[in-house]
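To keep things clear, I will list the structure first and then write my remarks on it.
No value in this document is a laboratory result; all are computed from the given coordinates. Because the structure is predicted, anything quoted here is derived from the model rather than measured. Counting neighbours? That spans all protein chains shown, and the Cβs are built from the backbone with ideal geometry, glycine included.
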Amino acid sequence: MSRARTQAGFTLYEVTVVIALMALAGTAVAQLFKGNTELVNDTRALQRAEAAHRRNLGALTRVLRGIDIQTLAGFDSQGMASSPSFGRVTGADLDDFTYRGDEKLSWKASPVAVDGVVKPGAVYLVRDGASRLVADRIPAGGFFVRQQGQSLVIHLTTFFATGAGRVVSRSSESVVSIRN
């Protein structure tokens, strides 16, 4: 009696289907990993932008505290200034306040290009011809001061670039009450 021989193994069709399914699964996992990595990078960049923004806004607020409202200059007819100048009160005598001298906040473009930011720059405090960095990572148009009565409203936008060339930014306003 002859016995029928059973075949062991897979057909070419079965192997091809399994390879195709594994390739699809691998592609899906790779895309998921890439998306997750981009999300993590964006989240880190946003956290860094928020931290830099808080630091920048606090520094600008500290600069504008203690100024005399009578010395404010550089504001347009709507009370807006992108380069406000002012005098800081350092004391008083019998006649009047004493001042440190003229100071000015000014945005300057950065010499280093940043992917995704048209004109990156920073805000500097200019006093006696010397510039001191106050707020960095500020895009063009991302800094201005608005006068509202006895208060100054600082508008600020801070950016942070991810490694993939994408940019996240944070914008807000802070109010400084000027006391005389």
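Values computed for the structure shown
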read-out	value
Mean ellipticity per residue at 222 nm, deg cm²/dmol - from DSSP H runs of n ≥ 4 across the chain, formula -39500 (n - 2.57)	-11000 deg cm²/dmol
17 Å Cα-Cα reach of Lys119 towards lysines, excluding residues that sit fewer than 8 places from it in its own chain	Lys108
Magnitude of the charge dipole, the stretch 36-177, Cβ model with Lys/Arg +1 and Asp/Glu -1, debye to 20	480 debye
Inter-label distance, nm, simple model (7 Å from Cα along the C-beta direction), Ser131/Asp68	2.8 nm
Candidate values (i) 10, 35, 31, 10, 7, 5, 2, 0; (ii) 9, 31, 33, 17, 6, 3, 1, 0; (iii) 9, 27, 21, 13, 8, 6, 5, 4, 3, 2, 1, 0, 0, label of the one derived for P(r) over Cα pairs in 10 Å bins from 0, in percent	(iii)
Residue-wise HN-Hα coupling along the stretch 90-100, computed from phi with Karplus coefficients 6.51, -1.76, 1.60 (Hz; x: Gly, Pro)	10, x, 8, 10, 5, 8, 6, 6, 10, 10, 6
Segment Ala109-Leu12, length gained on full extension (0.36 nm per residue, minus Cα span)	28.5 nm
Leading residue at positive end of dipole, the stretch 36-177 (Cβ point charges), from Gly91, Gln47, Ser110	Gln47
Cα→Cβ-extended label distance, 7 Å offset, between Ala51 and Glu173, nm	2.9 nm
Karplus (6.51, -1.76, 1.60) ³J(HN,Hα), θ = phi - 60°, over the stretch 123-134, in Hz, Gly and Pro reported as x	9, 10, 9, 9, 9, 6, x, 9, 9, 10, 5, 10
With Cα atoms, 0 to 90° folded angle of helix 12-64 axis to the chain main axis	10 degrees
Gly141 long-range amide H proximity, modeled H, under 5 Å	none
Residues His155, His53 arranged by fewest to most Cβ contacts within 10 Å	His155, His53
